[in-house]
Amino acid sequence: MVATAKAVVCLSLWLIVCQVRGAYIPLKMNRTINNLLQHYKIPQRERFDGKPVFSIPPLAGKMEAKRVFMGGVLETYEKLLGQMLKELPTPTPQTAGSNKIPAAAVTSRGGEVGAGEDVRTELSYILKMVQELKKHRYQEQEKLLQELRALKHIQMDNLKVQSKALWELPWLYEEASSLYDIKMERRRRRRQTRRVKPRPSA
């Protein structure tokens, strides 16, 4: 649960930074996250312990790598927020004629079921926002991540797989090598372009 709370805090800080840089975060989303932080409270020493949930790697100038990484981050948040929703208590109807709230209707954090339903609504809203961003701007990255995950399921101890993999290696090795050369050639051309760029006439 503490790890979950840390993740929410990290999401909040990340979104606040994004808001300052590009104003991409709707005001309602910021307010909703702040409300959720009142529910998922952790001590300040844990919040600022120098160990973020998502450590963004140094990918300066590597836009496609950044997009793949952020696509993975959004996918992780989708799963995380789904788990947080599952952890919320299921509302229990009150007994007729009784004003007492059933024990099952009290949340694990001491709040009553009404507060729990507010949290459910707010988490659902944040989840929807993450899903919409992922759907409309990170479809290609999602497909790539799926293909990368599929590589983990290759049967390493299967003779047929081993033989076919050896057969495919020459052209795959060639492809991997050429990608690096293409990258270096583009860099070289950019440098040359900058050197021969004509100066504006007086």
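The values are calculated or read from the model by the stated rules, or taken from the named source; none is laboratory data. Just so you know, these numbers come straight off a predicted model, no measurement behind them. As a convention, Cβ positions derive from the backbone with ideal geometry for all residues, glycine included, and neighbour counts pool all protein chains shown.
Tell me whether the range 27-38 contains one or more residues that are under 15 Å from Met129 (Cα atoms) and at pLDDT below 85. Taking every residue of the range 27-38 in turn, none turns out to be under 15 Å from Met129 (Cα atoms) and at pLDDT below 85.
Quick grid of which residues meet (1) at positive phi; (2) modelled with pLDDT under 80; (3) of a type in the set (A, V, I, L, M, F, W, C):
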site	(1), (2), (3)
Thr121	no, no, no
Met129	no, no, yes
Tyr138	no, no, no
Leu144	no, no, yes
Asn158	no, no, no
Lys164	no, no, no
Glu185	no, yes, no
Pro198	no, yes, no
Ala202	no, yes, yes
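Conditions (1) touching a residue at least 24 places away in the same chain (Cβ under 8 Å); (2) part of a helix (DSSP H, G or I), marked per residue:
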site: Glu122; (1), (2): yes, yes
site: Val130; (1), (2): yes, yes
site: Lys135; (1), (2): no, yes
site: Arg149; (1), (2): no, yes
site: Gln155; (1), (2): no, no
site: Leu166; (1), (2): no, yes
site: Leu169; (1), (2): no, yes
